[in-house]
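Asks: Structure in structure tokens, see below.
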Amino acid sequence: QVQLVESGGGSVQAGGSLRLSCKASRSIFSFNAMGWYRQAPGKQRELVATITSGGSRNYADSVKGRFTISRDIAENTVYLQMNSLKPEDTAVYYCNTVLALRTYWGQGTQVTVSS
């Protein structure tokens with residue numbers, strides 16, 4: 001079993017920044033990768049960024065250059081630093097991982113960006 005708890009969402013104006021946190025209930029080295037997804041109203045959930053156990057990072061084209069995924073291994077926490085936020089970044093953001101072929105999701109944290 002894995003619990004993922006997100007925090008750090010909120011409301012900001014366009015151009016602002018937020019940092020999301022995802023704390024796992026076990027060592028993040030247990031996972032091949034962790035990721036952040038988002039789901040806007042009426043849209044499908046989409047991948048935002050991933051980080052592997054080896055530290056490799058990947059980003060959706062829509063957030064490249066603005067978002068940064070990182071981790072604190074000692075704290076079992078993965079972060080998503082979001083800069084230059086746009087109204088189209090408004091969504092519920094979810095943390096995700098897979099362990100032993102089972103997918104785990106956090107409860108989600110709302111990010112709202114106003115123009």
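The values are calculated or read from the model by the stated rules, or taken from the named source; none is laboratory data. Everything numeric in this text was worked out from a predicted model, so none of it was measured. When we count neighbours, we look across all protein chains shown, and the Cβ atoms used for this are built from the backbone with ideal geometry, even at glycine. Side chains included, ligands, DNA and RNA excluded: accessible areas come from the protein's heavy atoms. Shrake-Rupley method; radii C 1.70, N 1.55, O 1.52, S 1.80 Å.
Asks: Per residue, how large is the accessible surface of the chain? Use a 1.4 angstrom probe and give square angstrom.
Replies: Heavy-atom SASA per residue in the chain reads 52 Å².
Asks: Place the peptides 77-89, 37-49 in order of packing, highest mean first, counting for every residue the other Cβ atoms within 10 Å and averaging per peptide.
Replies: In decreasing order of mean packing, 77-89, 37-49 become 77-89, 37-49.
Asks: Additional query: Which order do the peptides 56-68, 92-104 come out in when sorted by mean C-beta neighbours inside 10 angstrom, highest first?
Replies: The peptides rank, most packed first, as 92-104, 56-68.
Asks: Next up: Could you work out the local net charge near Ser62, counting Lys and Arg as +1, Asp and Glu as -1, over the other residues with Cβ closer than 13 Å to its Cβ?
Replies: That sum, taken over residues with Cβ under 13 Å, equals +1.
Asks: Something else about it: Full-extension gain between Asn58 and Ile73, please, as 0.36 nm times their residue separation minus the C-alpha to C-alpha distance.
Replies: 3.6 nm
Asks: Also, I was wondering about something else. Accessible area of region 1-97 with a 1.4 Å probe: how many percent of it is carbon plus sulfur?
Replies: Heavy-atom surface of region 1-97 belonging to carbon and sulfur, 1.4 Å probe: 44 percent.
Asks: If you don't mind, another one. Please give the length that would be gained between Gln3 and Lys43 if that part of the chain were fully extended, namely 0.36 nm times their separation in residues minus their C-alpha to C-alpha distance (nm, one decimal).
Replies: This chain segment gains 11.9 nm when fully extended.
Asks: I've got another one for you. Dipole size in debye (nearest 20) for the chain around its Cα centre, Lys and Arg Cβ +1, Asp and Glu Cβ -1?
Replies: For the chain, the charge dipole is close to 120 debye.
Asks: Say R0 is 30 Å: what FRET efficiency, to the nearest 0.05, do Ser25 and Gln81 get from their beta-carbon distance?
Replies: With R0 = 30 Å, the Cβ-Cβ based efficiency is 0.85.
Asks: Quantify how much of the Cα-Cα distance distribution of region 3-57 extends past 15 Å, in percent.
Replies: Counting every Cα pair in region 3-57, those more than 15 Å apart make up 62 percent.
Asks: Quickly rank 24-36, 6-18 as a protection proxy: mean count of other C-beta atoms within 10 Å, highest first.
Replies: 24-36, 6-18
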